[in-house]
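Below you'll find the structure, written out as structure tokens, and then a few comments.
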Amino acid sequence: MDTRTLIVWIIMGIIAGFLASILVGGSGLIRYLITGVLGAFVGGFLAQTFNIRLNLGHPMVDQIAIATAGAIVVVIIARIIS
């Protein structure tokens, strides 16, 4: 993995975490990043498991939408646990 790929993952994680925080609440750049990156893994896993394919016009937009959905799942599960 090169530096550019890592930066793109971080930016996508922050965007996904921010969008999830708008929908379910939360704040803080680090929290956005952690929630978004975890959400990307969870969303990717769920999308692959349930064979969900998005076609929103651009692959990066699809990935952000999947990561945001995963981040929402992560936040809801975290709230149930704590």
**OP:** Name the residue, out of G44, G70, G26, that is at pLDDT below 90, under 17 Å from I10 (Cα atoms) and not hydrophobic (A, V, I, L, M, F, W, C).
**Re:** G44
Original post:
Would the stretch 5-12 turn up any residue that is within 15 Å of the chain's Cα centre (by Cα), of a type in the set (S, T, N, Q), more than 18 Å from I76 (Cα to Cα) and surrounded by fewer than 13 Cβ atoms within 10 Å (Cβ to Cβ)?
Top reply: no
Subject >> Residues of the stretch 28-82 satisfying the condition of being under 14 Å from G17 (Cβ atoms) and small (G, A, S) >> reply: G28, G36, G39, A40, G43, A65, A67, A69, G70, A71, A78
Subject >> the stretch 53-71, residues that are surrounded by fewer than 21 Cβ atoms within 10 Å (Cβ to Cβ) and touching a Leu at 6+ places or on another chain (Cβ under 7 Å) >> reply: D62, A65
Subject >> Yes/no for G13 being in contact with a helix residue (DSSP H, G or I) (Cβ under 7 Å, 6 or more places away or on another chain) and not acidic (D, E) >> reply: yes
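The values are calculated or read from the model by the stated rules, or taken from the named source; none is laboratory data. All values reported here derive from a predicted model rather than from experimental measurement. Glycine also receives a Cβ, built like all others from the backbone with ideal geometry; neighbour counts cover every protein chain displayed.
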